[in-house]
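A.B. asks: There's a structure below that I have some questions on.
The values are calculated or read from the model by the stated rules, or taken from the named source; none is laboratory data. The model shown is predicted, which means the values in this text are computed figures rather than measured ones. Heads up, the Cβs are rebuilt from the backbone with ideal geometry, glycines too, and the neighbour counts pull from every protein chain shown. Note: accessible area is taken over every heavy atom of the protein model, side chains too, but ligands, DNA and RNA are not part of it. Shrake-Rupley method; radii C 1.70, N 1.55, O 1.52, S 1.80 Å.
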Amino acid sequence: MKENITNTKREDYDAVIILAAGQGKRMGSTDRHKVCFPIGGRPAIVRAIDDYKKAGLKRFIVVVGQMAGQVMETVSAEHPEVTFVFQSEARGTGHAAAIGCGSLAAAGFKGNVLITMGDKVVDPAVITELRESFEREGAALTMVTLPFKPGSSAGRVVLEGERGVLGIVEKKDLDRAEQSGRSVRLGSRSLSVDEIDTLSARANGSVYLFRFPVLWDALNILSPDNEQGELYLTDTVGILRDSGRPVSLLDVADRERVMAYNTPAELIAIEEVLARREAGARVQSLSLPRVSPEQLKPASEWREVLAEDTGPLRDFLTEIYGTDAELIGEQRAGILAVVGAFIERYGPDRPMVLCRAPGRINLMGRHIEHRGGDINVVAISRETFVAAAPREDDVVELHSLAADFPERSFRITDLLRNTSWEDWIDFIDSSTVRQVLTDAPGDWSHYARAPLLRLQHECSRQRLFGMDCVVSGNIPMGAGLSSSSSLVVAFAEIAITFNGLAVETGDFIDLCGEGEWFVGSRGGNGDHAAIRAGRIGAISRIGSFPFSLKQQVPLPENLRVVIADSGVEARKSAGARDAFNHRIAAYRIGQKLLQKTWPAAAGAEHLRDLCPHRLMVHPSDLYRALKDLPELPDRVVIRDLFARDEQPFLDRIFATHAEIAPYDLRGVVLYGLAECLRAERFSELLEAGDLDAIGRMMAISHDGDRVAGRRSPVAGARLAGGGEPAIFSTSNDSLDQFARDEVDLAQLPGSYACSTPEIDELVDRARLIDGVVGAQLSGAGLGGCVMILVERNAIPQLIEYLEAHYYTPRRTTSRIYTCQPVEGAGLLKAPVGTAEKLKG
């Protein structure tokens with residue numbers, strides 16, 4: 001209940017009044033209203049409402065006067081819910097505000113009201129800061145101020161030491177007072193120009209947040225006692241101050257965060273600021289869609305292209321899948337199936353694109369990409385296929401060939417209308433988004449919607465177009481092969497193409513990773529990096545923060561990756577999300593505490609930065625530092641370790657998951673740092689052909705996730721082969737022993753514990769087979785698959801053994817897949833030879 005009240009207060013309790021009655025004669029136009037001039041291709045007032053909505057405001061009143069019809073038509077075309085009130089006589093900003101407030105008073109409104117002008121260009125973050133400051137200060141009015149520049153046309157906010165705001169003097173009144181020698185009225189006081197010049201001043205930003213009842217009272221006692229004979233909204237400041245009402249300021253140092261214009265030159269200057277700002281954005285908008293004729297073709301032409309086993313088509317598919325004819329045949333059949341389903345639903349003449357996005361496996365570097373660690377990944381020959389046609393609205397229609405994936409439809413902007421989205425994290429943590437996930441937990445459409453929302457958030461000035469889609473694929477669901485991230489990448493690829501966006505590879509991967517946070521988990525972008533940046537026949541070592549493709553090493557010709565499905569589905573909803581986010585919380589809390597207690601760690605940005613070789617310290621120093629972390633603390637103990645002003649940091653972390661267990665800070669942090677080191681060494685060992693070392697490394701890595709059987713504190717034991725190695729411990733005695741023995745960090749498994757008993761058994765059984773290099777958990781864990789690196793000639797024996805000793809005793813069908821590294825995700829292009837044949 002408290003959460004709903006808070007949400008109502010921030011999103012429904014505030015109203016916005018935009019004053020747009022004056023024409024703005026200095027713009028030099030007789031047929032266009034000032035607020036209808038475009039800024040970056042979007043009318044200024046429409047753009048302003050866009051920004052206020054991003055800050056969570058939803059109730060709008062626009063006061064119109066001159067050219068009222070044009071203003072109303074312009075606003076209603078994009079924001080049809082806006083209310084308009086008419087100022088028939090131009091009697092000043094106070095009079096216009098009173099007319100707007102009159103409609104609220106008639107409705108019994110008792111909330112807060114933000115008043116501003118239609119020619120303002122305000123950073124949405126300023127509105128958010130204004131609202132937060134207003135509530136924090138408990139003010140009757142909080143107003144935005146800017147650095148004062150002599151000669152500016154903005155009103156002067158006059159301050160008097162500890163007494164605070166005296167009032168606001170309009171520039172015209174100050175100029176005339178200086179010419180006539182008369183004093184200027186500020187509330188109940190009259191001051192000479194010389195007296196005003198001795199007082200501190202700020203420039204009026206003309207953005208005000210009032211408590212409505214006190215504003216309504218002040219508006220009703222305004223007087224036109226000024227040089228212009230008008231009712232000034234700014235006079236309410238002095239009225240409130242004289243009545244003892246608290247008035248506070250939100251001082252914005254950067255004038256480019258709150259801008260306005262009165263002349264064409266000032267409008268051009270604003271556009272230059274915005275162009276400079278958007279030039280540094282991760283998503284650039286191009287003038288035209290990026291789709292080529294080879295990509296966007298009638299569905300019937302795609303069917304003909306794919307149906308004929310022509311030389312150009314074989315060559316094209318070989319560039320993606322390699323020379324395995326059986327694999328090429330399987331994938332071509334899958335793509336043809338999705339094209340056929342598209343034709344059945346939308347007809348043969350509808351132009352469409354085809355996108356493929358492979359699954360992935362990570363051979364080394366599990367659970368660390370979101371902590372800055374490297375990953376060693378391959379895009380695998382199990383894929384998602386999407387046939388998509390562009391639409392002219394923002395509706396997305398989803399149809400799947402899988403019977404258990406029901407049809408879905410949504411508008412991209414639906415959720416953005418209902419909550420604040422100025423900040424992506426605030427948006428995905430909002431009650432609106434949580435309700436969507438609660439109503440349809442784990443629904444497949446969330447993974448299509450996630451990248452579209454992230455892209456729309458990033459390029460908020462452009463409304464994204466939707467699409468009609470048919471989806472298919474052969475990635476086993478819930479197997480830990482990133483079927484969900486494959487959907488995210490595919491829909492991001494298509495949206496970027498249909499909407500004419502330009503996104504660098506690193507930014508694309510980051511946005512996909514951040515987008516998938518929408519479903520509730522807080523993982524990294526390693527899956528998306530593998531899916532997008534994979535290369536045929538190669539293992540890619542990829543770094544994060546920033547994204548970098550560090551190394552690509554060919555997988556030896558005699559090796560294959562075999563995926564064995566445990567039969568335990570890896571889900572990303574409910575309890576599984578709690579478990580994933582619980583481990584990430586242990587990472588974040590452990591790192592924060594080490595930065596407080598270990599001087600060497602003080603400046604570390606990511607967990608990877610605490611690796612001894614990065615800090616230029618000995619591993620023994622790390623082991624001793626880990627002793628300062630509490631053993632298995634609960635939330636109460638953790639909170640006691642942080643100061644009062646650090647509690648919001650914990651609030652945000654704990655909000656991501658239920659308290660399912662104590663936090664193994666030592667075990668998780670040690671696992672993460674050791675895995676970072678293993679991931680850095682893996683590709684070098686592969687390039688050197690040291691398969692024995694790779695096998696030992698995979699064994700240690702899996703032991704860090706193990707939940708069943710025995711695990712070794714130091715590497716080397718093949719646990720399935722017997723023996724009695726000790727249970728891994730991070731007690732003070734164990735850490736002291738590691739320090740005395742100067743144990744190599746990469747030889748310690750740590751304790752992340754995201755395997756299952758079934759996966760542990762599969763790993764141990766696979767390691768018994770000659771020719772198996774190594775085996776370990778694949779993916780985030782809590783179910784899914786085991787990845788097995790194996791010599792090609794040993795695959796039949798491996799499959800036979802696992803069927804006999806794992807699947808048959810469970811009376812389940814074996815789910816074992818041999819995979820090859822394929823090319824990363826992208827849109828298909830019709831090969832030149834086939835395209836020319838069709839045209840002929």
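A.B. asks: With the condition kept exactly as written, say whether any residue in the range 371-381 is touching a residue at least 40 places away in the same chain (Cβ under 8 Å), under 30 Å from residue 551 (Cα atoms), over 19 Å from the mean Cα position of the chain (by Cα) and not in a strand (DSSP E or B). Show your work before the answer.
C.D. replies: Quick first cut of the range 371-381, residues touching a residue at least 40 places away in the same chain (Cβ under 8 Å) only: 371-381.
Filter once more, keeping what is under 30 Å from residue 551 (Cα atoms): 371-381.
So of that shortlist, the ones also over 19 Å from the mean Cα position of the chain (by Cα) come out as 373-381.
Now drop any that are not not in a strand (DSSP E or B), which leaves 373-374.
The answer is yes; a qualifying residue exists.
A.B. asks: Would you check which residues across the range 337-349 are assigned to a helix (DSSP H, G or I) and open to solvent by less than 50 Å² (accessible area, probe 1.4 Å) and list them? Give the steps one after another, and end with the answer.
C.D. replies: Step one: filter the range 337-349 for residues assigned to a helix (DSSP H, G or I), giving 337-346.
Passing the criteria: 337, 338, 339, 340, 341, 342, 343.
A.B. asks: May I pose another question? Within the range 481-515, how many residues are open to solvent by less than 20 Å² (accessible area, probe 1.4 Å) and outside any helix (DSSP H, G or I)?
C.D. replies: Total satisfying the criteria: 5.
A.B. asks: Looking for something on the phi > 0 side of the Ramachandran plot, hydrophobic (A, V, I, L, M, F, W, C), touching a residue at least 60 places away in the same chain (Cβ under 8 Å) and out of contact with any helix residue (DSSP H, G or I) (no Cβ under 7 Å at 6 or more places or on another chain) - is there at least one such residue anywhere in the range 460-475? Let's see the steps before the verdict.
C.D. replies: In the first step, residues of the range 460-475 are kept if they are on the phi > 0 side of the Ramachandran plot; the result is 473.
With the extra rule that they be hydrophobic (A, V, I, L, M, F, W, C), the set shrinks to none.
No: the range 460-475 contains no residue that is on the phi > 0 side of the Ramachandran plot, hydrophobic (A, V, I, L, M, F, W, C), touching a residue at least 60 places away in the same chain (Cβ under 8 Å) and out of contact with any helix residue (DSSP H, G or I) (no Cβ under 7 Å at 6 or more places or on another chain).
A.B. asks: If I go through the range 667-687 residue by residue, how many of them are open to solvent by 70 Å² or more (accessible area, probe 1.4 Å) and either at pLDDT 95 or above or among the β-branched types (Val, Ile, Thr) (or both)?
C.D. replies: At the first step, the residues of the range 667-687 found to be open to solvent by 70 Å² or more (accessible area, probe 1.4 Å) are 681, 684, 687.
Cutting the leftovers down to either at pLDDT 95 or above or among the β-branched types (Val, Ile, Thr) (or both) gives us 681.
Of the residues in that region, 1 qualify.
A.B. asks: Can we say residue 448 is in contact with a Phe, Trp or Tyr (Cβ under 6 Å, 6 or more places away or on another chain) and either crowded, with 18+ Cβ neighbours inside 10 Å or polar (S, T, N, Q) (or both)? So that I can check it myself, show each step before the final result.
C.D. replies: On the way: in contact with a Phe, Trp or Tyr (Cβ under 6 Å, 6 or more places away or on another chain): yes; either crowded, with 18+ Cβ neighbours inside 10 Å or polar (S, T, N, Q) (or both): yes.
For residue 448, the condition - in contact with a Phe, Trp or Tyr (Cβ under 6 Å, 6 or more places away or on another chain) and either crowded, with 18+ Cβ neighbours inside 10 Å or polar (S, T, N, Q) (or both) - is met.
A.B. asks: Right, something else. Can you name the residue in the range 307-327 that is open to solvent by less than 20 Å² (accessible area, probe 1.4 Å) and hydrophobic (A, V, I, L, M, F, W, C) and, of all such residues, is modelled with the highest pLDDT? Break it down stepwise before answering.
C.D. replies: Taking the range 307-327 as the starting set, the residues that turn out to be open to solvent by less than 20 Å² (accessible area, probe 1.4 Å) are 313, 317, 320-322, 327.
Now narrow it down to the ones that are hydrophobic (A, V, I, L, M, F, W, C): 313, 317, 320, 327.
Details: 313: 81, 317: 89, 320: 93, 327: 89.
By that ranking, first place goes to 320.
A.B. asks: Just one of the numbered conditions (1) at positive phi; (2) outside any loop (DSSP other than H, G, I, E, B); (3) not β-branched (Val, Ile, Thr) is not true of residue 387; which one?
C.D. replies: All conditions pass for residue 387, except number (1).
A.B. asks: Only one of 789, 762, 782, 798 is in contact (Cβ under 8 Å) with a residue 60 or more places away in the chain and on the phi > 0 side of the Ramachandran plot. Can you tell me which?
C.D. replies: Only one candidate passes the filter, namely 782.
A.B. asks: Being open to solvent by 40 Å² or more (accessible area, probe 1.4 Å) and of a type outside the set (Gly, Ala, Ser) is the filter; apply it to the range 603-614 and report the residue that is nearest to residue 659 (Cα to Cα). Talk me through it step by step, then tell me what you get.
C.D. replies: Filtering the range 603-614 down to residues open to solvent by 40 Å² or more (accessible area, probe 1.4 Å) leaves 603, 605, 613-614.
Then keep just the ones that are of a type outside the set (Gly, Ala, Ser); that gives 605, 613-614.
Details: 605: 26, 613: 34, 614: 33 Å.
The selected residue is 605.
A.B. asks: Within the group 15, 20, 48, which residue is under 27 Å from the mean Cα position of the chain (by Cα) and either surrounded by 20 or more Cβ atoms within 10 Å (Cβ to Cβ) or closer than 18 Å to residue 80 by Cβ (or both)?
C.D. replies: Values: 15 fails: under 27 Å from the mean Cα position of the chain (by Cα); 20 fails: under 27 Å from the mean Cα position of the chain (by Cα).
The match here is 48.
A.B. asks: Only residues in the range 802-829 that are within 23 Å of residue 496 (Cα to Cα) and outside any helix (DSSP H, G or I) count as the first member; pair them with residues that are open to solvent by 50 Å² or more (accessible area, probe 1.4 Å) and at pLDDT 95 or above, Cβ under 8 angstrom, at least 6 apart or cross-chain, and list the lot.
C.D. replies: none
A.B. asks: While we're on this one: Of the conditions (1) assigned to a helix (DSSP H, G or I); (2) under 21 Å from the mean Cα position of the chain (by Cα), residue 523 satisfies every one except a single condition; which number is it?
C.D. replies: That leaves (1) as the condition not met.
A.B. asks: What do you reckon, is residue 71 assigned to a helix (DSSP H, G or I), touching a Gly at 6+ places or on another chain (Cβ under 9 Å) and closer than 29 Å to residue 463 by Cβ?
C.D. replies: yes
A.B. asks: Could you check the range 622-666 and list, in sequence order, the residues that are loosely packed, with under 13 Cβ neighbours inside 10 Å, without any contact (Cβ under 8 Å) to a residue 60 or more places away in the chain, of a type in the set (A, V, I, L, M) and assigned to a loop (DSSP other than H, G, I, E, B)?
C.D. replies: Correct list: 643 only.
A.B. asks: Scan the range 350-370 residue by residue and report those that are surrounded by fewer than 24 Cβ atoms within 10 Å (Cβ to Cβ) and either under 21 Å from the mean Cα position of the chain (by Cα) or not in a strand (DSSP E or B) (or both).
C.D. replies: 350, 370
A.B. asks: Within the range 427-437, is even one residue under 30 Å from residue 327 (Cβ atoms) and aliphatic (A, V, I, L, M)? Outline the logic, then answer.
C.D. replies: In the first step, residues of the range 427-437 are kept if they are under 30 Å from residue 327 (Cβ atoms); the result is none.
Within the range 427-437, not a single residue is under 30 Å from residue 327 (Cβ atoms) and aliphatic (A, V, I, L, M).
Here's the yes/no breakdown for (1) surrounded by fewer than 16 Cβ atoms within 10 Å (Cβ to Cβ); (2) part of a helix (DSSP H, G or I); (3) touching a Lys or Arg at 6+ places or on another chain (Cβ under 9 Å):
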site	(1), (2), (3)
80	yes, no, no
90	yes, no, no
103	no, yes, no
114	no, no, yes
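A.B. asks: Considering each of 753, 780, 746 in turn, give the residue that is over 16 Å from residue 814 (Cβ atoms) and assigned to a helix (DSSP H, G or I). Explain how you work it out, then say what you get.
C.D. replies: Details: 753 fails: assigned to a helix (DSSP H, G or I); 780 fails: assigned to a helix (DSSP H, G or I).
Selected residue: 746, the only one of 753, 780, 746 that is over 16 Å from residue 814 (Cβ atoms) and assigned to a helix (DSSP H, G or I).
A.B. asks: Report yes if some residue within the range 174-187 is among the hydroxyl-bearing types (Ser, Thr, Tyr), open to solvent by 40 Å² or more (accessible area, probe 1.4 Å), in a strand (DSSP E or B) and modelled with pLDDT under 85; otherwise report no. I'd like the intermediate steps shown before the answer.
C.D. replies: The first filter runs over the range 174-187 and keeps only residues among the hydroxyl-bearing types (Ser, Thr, Tyr), leaving 180, 183.
Add one more test, that the residue is open to solvent by 40 Å² or more (accessible area, probe 1.4 Å), and what stays is 180, 183.
Then keep just the ones that are in a strand (DSSP E or B); that gives none.
Looking for residues that are among the hydroxyl-bearing types (Ser, Thr, Tyr), open to solvent by 40 Å² or more (accessible area, probe 1.4 Å), in a strand (DSSP E or B) and modelled with pLDDT under 85, one finds none in the range 174-187, hence no.
A.B. asks: Among the residues of the range 530-571, write down those that are closer than 22 Å to residue 320 by Cα, among the charged types (D, E, K, R), open to solvent by 40 Å² or more (accessible area, probe 1.4 Å) and under 31 Å from the mean Cα position of the chain (by Cα).
C.D. replies: If the condition is that a residue be closer than 22 Å to residue 320 by Cα, among the charged types (D, E, K, R), open to solvent by 40 Å² or more (accessible area, probe 1.4 Å) and under 31 Å from the mean Cα position of the chain (by Cα), then 532, 535, 550 are the ones that fit.
A.B. asks: Right, here's the next one. Please verify whether the range 581-593 includes one or more residues that are open to solvent by 40 Å² or more (accessible area, probe 1.4 Å) and closer than 27 Å to residue 364 by Cα. Break it down stepwise before answering.
C.D. replies: Applying the first criterion (open to solvent by 40 Å² or more (accessible area, probe 1.4 Å)) to the range 581-593 yields 588, 592.
Of the ones still in play, those that are also closer than 27 Å to residue 364 by Cα are 588, 592.
Yes, because at least one residue in the range 581-593 is open to solvent by 40 Å² or more (accessible area, probe 1.4 Å) and closer than 27 Å to residue 364 by Cα.
A.B. asks: With the requirement that a residue be part of a strand (DSSP E or B) and of a type in the set (S, T, N, Q), what does the range 536-563 give you?
C.D. replies: Of the range 536-563, the ones part of a strand (DSSP E or B) are 538-543, 548-554, 559-563.
Once the filter is applied, which keeps residues that are part of a strand (DSSP E or B) and of a type in the set (S, T, N, Q), the range 536-563 yields 540, 548, 551, 552.
A.B. asks: Any residue at all in the range 404-426 that's buried (at least 24 other Cβ atoms within 10 Å of the Cβ), touching a residue at least 60 places away in the same chain (Cβ under 8 Å), part of a loop (DSSP other than H, G, I, E, B) and not small (Gly, Ala, Ser)?
C.D. replies: Restricting attention to the range 404-426, the residues satisfying the condition of being buried (at least 24 other Cβ atoms within 10 Å of the Cβ) are 421.
Right, trim to touching a residue at least 60 places away in the same chain (Cβ under 8 Å) and you get 421.
Next cut, part of a loop (DSSP other than H, G, I, E, B) only: 421.
Then drop every residue that is not not small (Gly, Ala, Ser), which leaves 421.
Yes - at least one qualifying residue is present in the range 404-426.
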